[in-house]
1. Report the gain in length on full extension from Thr209 to Lys267: 0.36 nm times residue separation, minus Cα-Cα distance, nm rounded to one decimal.
2. Need the full-extension length gain, Tyr146 to Ser83, defined as separation in residues times 0.36 nm minus the C-alpha distance. One decimal, nm.
3. Give the lysines whose C-alpha is closer than 22 Å to that of Lys248, dropping any in the same chain fewer than 8 places away, or say none.
4. What angle do you read, to the nearest 10 degrees and between 0 and 90, between the alpha-carbon axis of helix 254-268 and the longest principal axis of the chain?
5. Provide Glu220, Glu66 in ascending order of the number of other Cβ atoms located within 10 Å of each residue's Cβ, fewest first.
6. In Å, what is the Rg of the alpha-carbon atoms in segment 82-228, and how long is Dmax?
7. Counting other C-beta atoms within 10 Å, which of Val15, Val236, Val142 has the fewest, and how do the rest follow?
8. Quick check on the chain: of the DSSP beta bridges with both residues there, what percent are antiparallel, nearest 5%?
Amino acid sequence: MPKPVFSIIADGVDVTTAISPALISMTIVDGEGRKNDTLQLDIDDVDGSIAAPRTGVIIRAQGGYEGNMRDFGLFSVDSVVYSGWPQKITIGAQAVAAKSLARHRAVKAYPEEDFPTYGDIFAAVAEAVQLPLRISASVADVPNPYHAQTDEDSQEFMLRIGEQIGASVTVKAGQIVVVPKGAGQAVSGSALDLLRVAVGENLIDYTVTQRDVPQHSSVEATWYDRKKNERKVVQVETGQEGHPLLLKRPYSGEVEAMSAAEAAARKLQRIRADATFLIDGTPGAMAEAWATVSGIRADVDGKWRIKQATHSFSATRPYTTSLDCEVPNDE
């Protein structure tokens, strides 16, 4: 097993050597949607002499193995907690770009004539918060009927409109990333690397929860046809049995209603079971990628979508990665 290594740079200064003797653990969460990437440092402060960073300090965290380090990005310290006994300092930080997005609020309309596609909307928001945008073509080209950002921050707005067209909106490595949700795709459209999880190879332990979720034969969404002055309904089949699922929110146009119904139908097909797999530390593990599991049992083995990857570095334990996953109904 290669040797785990990490690097911590605070406000441009490499403090790895200085902090290593007192570091209890470093935990990095790679999440999706509202679960922004986070960093937590637990530091042994046995004699009360450790100088903790102030809030607002920017930390660059890297970790992995010698020859295989991953840059987890920039994090802004937003909490410093002192506790005892024994004395300990816990430093909490959030991804810098995600905080910038969440702090930006605006009231703005995005009519079809000025913003004909969802790509145009995402680009406008990214420009407003001064963050680079990486968006897959299949999402960027979806027609925009009309949208408005009202009493919500820019992160909430982007997540909301992304959900309506089945897109995942995350902030990774200082940039906004928008890709089809659950497709396991990089922005280029190519598949993310499939992560192998196997008994006797890298699996430490696991928990799988199967759920009895409601079944719906279709998803219905309503929209208002202003020309004919009437309410209309679009329907998307799910391939399941049960009553139709009616989305409560009315939509402004047929395209928007259909996109929302299709996204809801895909979501129904994704939620058969949840699982957590604890494996040997894997720097490349990330949310939105897929894991293939083998050697456990027939109804657990197979493909799982990673919702969150938690990387844990410790002074006393090996580097591990915990994968929070879900399995789609069609797997």
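1. 19.1 nm
2. Numbers: separation 63, 0.36 × 63 = 22.68 nm, distance 5.03 nm.
Length difference between fully extended and current span is 17.6 nm.
3. Lys181, Lys228, Lys232, Lys267
4. So the helix axis and the longest Cα principal axis differ by about 50 degrees.
5. Exposure proxy ranking, most exposed first: Glu66, Glu220.
6. 20.2, 71
7. The fewest-first ordering by Cβ neighbours comes to Val15, Val142, Val236.
8. Numbers: 91 of 101 bridges.
Counting only bridges with both partners in the chain, antiparallel ones make up about 90 percent.
Each reported figure results from applying straightforward, stated rules to the coordinates on display, with no laboratory input. Owing to the predicted nature of the structure, the values given are computational and were not obtained by experimental measurement. Quick reminder, even Gly has a Cβ in these numbers, built from the backbone with ideal geometry, and neighbours come from all protein chains shown.
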